[in-house]
Amino acid sequence: MERQLIKYLPYVVRDYPEFQGITGSEQPEFERAWGSADDLLNNQFISTAGSMGLSRWEKILGITPKGTDTLEDRRFRIMTRINEELPYTVPQLRNILETLCGAGNYSAEVVEGTYQLIVKIGLAAKNNFSDVEALLDRVIPQNMIVNLLQLYNTHAELGLLTHEQLAAYTHNQLRNEVLTNGE
């Protein structure tokens, strides 16, 4: 949306060069003020926060960002910390993982009769593997053994692609990356 100061003046004075000059010289200042107001609002919400807003959340939560983190990585780490809720149950853990990794992009099961928790993270969330690992270290009771695993492409998924489509990928890509049909 483009906001021009001259349009806020009455029609009678818009044609005067003096008013055009005044509003023209003030326009950049108002644009900076409007931009700052928009940034202030955006920084109130993690999903729209910029670097300054995320820095504030990181300071509050005691998170130190990595030098290679993108804004999305930082958002994910903040959401991970906010979604921690103790004491936890397996359904609550599944809710947290669904929020962080997306529906169908994880599994969490307790091996019956043991204190072993098996959590599998899908390929689409593999960049967040270490963050999920840190989350589990913080919220899982100490008497449980946690096995955090990366899900890989299966033969059933790769079987949907032709040999020509498969030839475009390396073995590592076929195993470790999200593939879409023919793309």
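Can you work out which of the residues in the stretch 83-95 that are modelled with pLDDT of 85 or more and of a type in the set (A, V, I, L, M, F, W, C) is nearest to GLN116 (Cα to Cα)?
Looking at residues that are modelled with pLDDT of 85 or more and of a type in the set (A, V, I, L, M, F, W, C), I get VAL90.
Would you confirm whether or not the stretch 30-48 contains a residue that is under 22 Å from GLU133 (Cα atoms), touching a helix residue (DSSP H, G or I) at 6+ places or on another chain (Cβ under 6 Å) and either part of a loop (DSSP other than H, G, I, E, B) or modelled with pLDDT of 85 or more (or both)?
There is at least one residue in the stretch 30-48 that is under 22 Å from GLU133 (Cα atoms), touching a helix residue (DSSP H, G or I) at 6+ places or on another chain (Cβ under 6 Å) and either part of a loop (DSSP other than H, G, I, E, B) or modelled with pLDDT of 85 or more (or both).
Tally the residues that are assigned to a loop (DSSP other than H, G, I, E, B) and over 16 Å from the mean Cα position of the chain (by Cα), restricting the search to the stretch 85-116. Please lay out each step first, then the result.
Here is the first cut: in the stretch 85-116, the ones assigned to a loop (DSSP other than H, G, I, E, B) are 85-89, 102-105, 111-115.
Remaining after also requiring over 16 Å from the mean Cα position of the chain (by Cα): 85-89, 104, 111-115.
Qualifying residue count, the stretch 85-116: 11.
Among the residues of the stretch 25-79, count how many are hydrophobic (A, V, I, L, M, F, W, C), surrounded by 15 or more Cβ atoms within 10 Å (Cβ to Cβ) and under 19 Å from ILE96 (Cβ atoms).
In the first step, residues of the stretch 25-79 are kept if they are hydrophobic (A, V, I, L, M, F, W, C); the result is 30, 33-34, 37, 40-41, 45-46, 49, 52, 54, 57, 60-61, 63, 71, 76, 78-79.
Those still in the list that are surrounded by 15 or more Cβ atoms within 10 Å (Cβ to Cβ) too: 46, 49, 54, 57, 63, 76, 78-79.
Next, only the ones that are under 19 Å from ILE96 (Cβ atoms) stay: 46, 57, 63, 76, 78-79.
Matching residues across the stretch 25-79 total 6.
When you check THR23 against the structure, is it assigned to a helix (DSSP H, G or I) and among the polar types (S, T, N, Q), yes or no? Step through it out loud before you land on a result.
Details: assigned to a helix (DSSP H, G or I): yes; among the polar types (S, T, N, Q): yes.
Spelling it out, THR23 is indeed assigned to a helix (DSSP H, G or I) and among the polar types (S, T, N, Q).
The values are calculated or read from the model by the stated rules, or taken from the named source; none is laboratory data. Being a predicted model, the structure only gives us computed values, none of them experimental. Every residue, glycine among them, receives a Cβ derived from its backbone with ideal geometry; neighbour counts consider all protein chains shown.
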